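The values are calculated or read from the model by the stated rules, or taken from the named source; none is laboratory data. All values reported here derive from a predicted model rather than from experimental measurement. No Cβ is skipped: glycine too gets one built from the backbone with ideal geometry, and neighbour counts run over all protein chains shown.
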Amino acid sequence: DDWWLQPGFGGRRVIVRVEGGRARITDADGEDLTSSLPRLRGLGPSLSATRALLDGELAPGTDDLWIGDLLHLDGRDVAGLPFHERRALLDALPLAGAHWRPAPVFPGAGAEVVAAVAQQGLPSVVAKRGDSPYAPGPSDDWVEVATGSGGPAPEAPAPPRRTGVGKARLTNPDKVLYPLTGTTKAQVLEHYLAVAEVMLPHLRDRPVTMVRWPDGVERGSFFEKDVSRHAPAWIRTARVGTPGGRSESADFPVIEDVKGLAWAANLAALELHVPQWRVGPRDGRHLPDLVVFDLDPGEGTTVVDCARVALRIAERIADDGLVAYPRTSGGKGMQLYLPVRVSRAEQTSEFAKALAEELASDDPKRVTAVMAKARRRGRIFVDWSQNNPHKTTIGSYSLRGRARPTVATPVTWDEVAACRRTEDLTFTLADLPARIAEHGDLMAPLLGEPQRLPRLGS
């Protein structure tokens, strides 16, 4: 269970020395490549005064740098540390650049990752033991497994098969779940593996409601909350109250690793919905840590109109010293999120409702805070009720069960301001790898310092 898997990109192996805000890049023979890699000029300044020695790989055709390991940090030799400790140090560095970033890793993963990497046309997977020291090449603790795609890779034994956990193997991988685009279940898994690094922190400790389309999006779907009858033992579940449901509580899945995402993909759970609060280790419900404004376009309006309202909300909450982070819904609308700290669970709904009603009062021809369909025609409904503790919203980076495999995608405020067509804020699973490489996780601030909501009426 302690093997960590990384994609192999089939590129040139390099060592990167960073010191004094400058990076020097050499290949395995010691040839200095720095001047021939202009796309990586910002790497040194991004680390500022940090000194580091990095092991990486240049992706063929792009010279983007995927950083796989860390050997020295600020004068300290870390090569002898276990890989999982070196990786934690690497992840703590500011290395999410447009053309450089840490290579994705999948701890405790197996054949599902190898299959997904092969489907992306990459030649190999490198497997490292989590407790092993640095090794520059194959050893008992470092093996490279050929996928059969994208050119030859060294032959090496596969890591030992895991037992007891991680049994996600994809059934019916060629089943088409999005008939309009021909997108298969295997491609759905590929998407969730590709976004795992940025998606999982937003799912962590949040009970998940899955929406499943076992026969594809043109057939029926169903919501699933209670997975007690079929979830494998290695999936964490949280018993959460379900007022108004068939029972007083249900065992919700809590998806915290790539194995959990693979399990959900195998169930054709295209959509993963989560509440605005987390649970503790004993399933106790914490106070909300997010406020969400769900902007829903009424008849005759589109996401372009949502973007205009989103900008107005951002301006208004700035008066209170607050910052919101925008995201498409993957459907017709969009959402704004604020990381917050509250003393009462009701505070988030009270704040969102008051602001929604204020916006509707100021601009009644464009905005409504009332759910009634008749009141929403030609207006944007600012749905404050999604802050109700018993409601959920689509998770960031989740697919949607629409005609095309659209994704709930974080966006920049510049993109919101520039939106003139619905296509400007519509993204499918094919768009996400490049966006993540360029922007990293635009929702990462939700995981940082929370904001205090103003007192109503102040």
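Yes or no: Pro60 surrounded by fewer than 18 Cβ atoms within 10 Å (Cβ to Cβ) and closer than 30 Å to Gln119 by Cα? Spelling it out, Pro60 is indeed surrounded by fewer than 18 Cβ atoms within 10 Å (Cβ to Cβ) and closer than 30 Å to Gln119 by Cα.
Can you give me the number of residues within the range 276-295 that are among the charged types (D, E, K, R) and either buried (at least 19 other Cβ atoms within 10 Å of the Cβ) or at pLDDT 95 or above (or both)?
Looking only at that region, the number is 3.
List pairs: first residue in the range 421-434 and farther than 18 Å from Tyr178 by Cβ, second residue of a type in the set (Asp, Glu) and part of a helix (DSSP H, G or I) anywhere in the structure, Cβ distance under 9 angstrom, at least six positions apart or on different chains. Every condition considered, the pairs that remain are Asp424/Glu415; Leu425/Glu415. Could you tell me whether any residue of the range 19-26 is β-branched (Val, Ile, Thr), in the same structural domain as Pro123 (by TED's automatic domain parsing), touching a Gly at 6+ places or on another chain (Cβ under 9 Å) and surrounded by 15 or more Cβ atoms within 10 Å (Cβ to Cβ)? So far as the range 19-26 goes, yes, one or more of its residues are β-branched (Val, Ile, Thr), in the same structural domain as Pro123 (by TED's automatic domain parsing), touching a Gly at 6+ places or on another chain (Cβ under 9 Å) and surrounded by 15 or more Cβ atoms within 10 Å (Cβ to Cβ). Within the range 27-44, being surrounded by 13 or more Cβ atoms within 10 Å (Cβ to Cβ) and of a type outside the set (Gly, Ala, Ser) holds for Asp27, Leu33, Thr34, Leu37, Arg39, Leu40, Arg41, Leu43.
Yes or no, residue by residue, for (1) at negative phi; (2) in contact with an Asp or Glu (Cβ under 8 Å, 6 or more places away or on another chain); (3) β-branched (Val, Ile, Thr):
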| residue | (1), (2), (3) |
| --- | --- |
| Leu338 | yes, no, no |
| Pro364 | yes, no, no |
| Ala369 | yes, yes, no |
| Ala374 | yes, no, no |
| Val382 | yes, yes, yes |
| Ala408 | yes, no, no |
| Thr412 | yes, no, yes |
| Arg421 | yes, no, no |
| Phe427 | yes, no, no |
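Of the residues in the range 97-118, how many are touching a helix residue (DSSP H, G or I) at 6+ places or on another chain (Cβ under 6 Å) and not in a loop (DSSP other than H, G, I, E, B)? Qualifying residue count, the range 97-118: 5. Would you confirm, using the coordinates I've provided, whether Leu193 is at pLDDT below 95 and either touching a Lys or Arg at 6+ places or on another chain (Cβ under 6 Å) or not assigned by TED's automatic domain parsing to the domain that holds Phe106 (or both)? Judged against the criteria, Leu193 is a match.
Applying the condition of being of a type in the set (A, V, I, L, M, F, W, C) and in contact with a Gly (Cβ under 8 Å, 6 or more places away or on another chain) to the range 212-230 and asking which residue is surrounded by the most Cβ atoms within 10 Å (Cβ to Cβ) yields Val217.
Condition first: in contact (Cβ under 8 Å) with a residue 40 or more places away in the chain and not in a loop (DSSP other than H, G, I, E, B). Now tell me which residues in the range 71-85 satisfy that. Hits for the range 71-85 are Leu71, Phe83, His84. Among the residues of the range 272-302, the ones that are of a type in the set (A, V, I, L, M, F, W, C) and farther than 17 Å from Ile394 by Cβ come to 2 in all. Scanning the range 386-405 for residues that are over 20 Å from Leu322 (Cβ atoms), in the same structural domain as Leu295 (by TED's automatic domain parsing) and part of a helix (DSSP H, G or I) turns up nothing.
Entry remark, the range 252-266: residues being surrounded by 19 or more Cβ atoms within 10 Å (Cβ to Cβ), among the charged types (D, E, K, R) and either in a loop (DSSP other than H, G, I, E, B) or more than 19 Å from the chain's Cα centre (by Cα) (or both) number 1 in total.
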